[in-house]
Structure formats: C-alpha cells, structure tokens
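> Below is a structure I'd like to ask you about.
The values are calculated or read from the model by the stated rules, or taken from the named source; none is laboratory data. Treat the numbers as computed from the prediction; the structure is a model and nothing was measured. Using ideal geometry, Cβ is built from the backbone for each residue, glycine included, and neighbour counts are taken over all protein chains shown. For accessibility, only protein heavy atoms count, side chains too; no ligands or nucleic acids. Shrake-Rupley method; radii C 1.70, N 1.55, O 1.52, S 1.80 Å.
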Amino acid sequence: MDQKDASQKSAGEEQSGPERTMLDVLDLPEEQRRVVQWLLRQSGATASEVSAHLALPETAVACILETLNKEGFLEAGEECDAIRWRVRLASKRLAATPHGPRRAPMDIWKVLED
C-alpha cells in the first residue's frame, strides 16, 4: 500500500473517532502544533508546501502529517493528483462536553426564570 492509499484509508478510519478541538491542538508537541496552526491559516496544503514554508525536511513533514491524520487532527483529500491536507477540528458550537454535545434545555425560559 503506498502513502496515498494509506493516507486516504487512515483519513476515512478516523472519521468516526473523537472530534478534536483547539484545546487538543495546544497539547500537541511543538512541531506538530506548528504544522496544524500553519495549515489552519492556509486552509490546507500539500506536504511539500508545508515543508517549504516551515523549513522542515519533507520526510519529517510526511511523518508528522501521517501522525496527525491518525490522531484525528487532519484529513487528506486528493486534488490534481496531489494529497492536500486539511485540519479537521470540531466546531466551537458543537464542541463536546464530558456529557456529549452542548444543548439548550427544552424549557430554557422556565430554567432562566428560576
């Protein structure tokens, strides 16, 4: 299985995993965090673009991207015969709490009046 197949397979497998948030990004090791933060500003990029802009060797970038993909921070998509990596984080509004997604109670006005 080549890198492209592995990237797409692992991206698909992680779709059902826990959604990551910006708090999770802050807990990443420095190089991984730099990659995620740069990709957020770019709305996605190829491994060679990440390597060029962050001045990291392509082999190191490939390893970082695969790790972030397996951990659920990134998703890979194919554009023009190149793998383009994008950050996949939970929406602020839908960020999960320990008890699941935040939702307003059905009787919110009654709760607010009390």
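> Could you say which residue among L89, L94 is modelled with pLDDT under 90, open to solvent by less than 80 Å² (accessible area, probe 1.4 Å) and part of a loop (DSSP other than H, G, I, E, B)?
So the residue among L89, L94 that is modelled with pLDDT under 90, open to solvent by less than 80 Å² (accessible area, probe 1.4 Å) and part of a loop (DSSP other than H, G, I, E, B) is L89.
> Scan region 69-78 for residues that are open to solvent by less than 40 Å² (accessible area, probe 1.4 Å) and in a helix (DSSP H, G or I) and jot them down.
From region 69-78, those open to solvent by less than 40 Å² (accessible area, probe 1.4 Å) are 69, 72-74, 76-77; that's our starting set.
Hit for region 69-78 is N69, nothing else.
> If only one of E66, E49, E58, E30 is without any contact (Cβ under 8 Å) to a residue 24 or more places away in the chain, surrounded by 15 or more Cβ atoms within 10 Å (Cβ to Cβ) and out of contact with any Gly (no Cβ under 9 Å at 6 or more places or on another chain), which one is it?
Being without any contact (Cβ under 8 Å) to a residue 24 or more places away in the chain, surrounded by 15 or more Cβ atoms within 10 Å (Cβ to Cβ) and out of contact with any Gly (no Cβ under 9 Å at 6 or more places or on another chain) holds for just one of E66, E49, E58, E30, which is E49.
> Sort out which residues of region 33-46 are in contact (Cβ under 8 Å) with a residue 40 or more places away in the chain and surrounded by 16 or more Cβ atoms within 10 Å (Cβ to Cβ), and write them in order of number. Step through it out loud before you land on a result.
Start the filter on region 33-46 by keeping residues that are in contact (Cβ under 8 Å) with a residue 40 or more places away in the chain, which leaves 36, 39-40, 43-45.
Result: V36, L39, G44, A45.
> Going by the structure shown, is A82 modelled with pLDDT of 95 or more and exposed (fewer than 15 other Cβ atoms within 10 Å of the Cβ)? Before the answer, list the steps.
On the way: modelled with pLDDT of 95 or more: no; exposed (fewer than 15 other Cβ atoms within 10 Å of the Cβ): yes.
No; evaluated as a whole, the condition is false for this residue.
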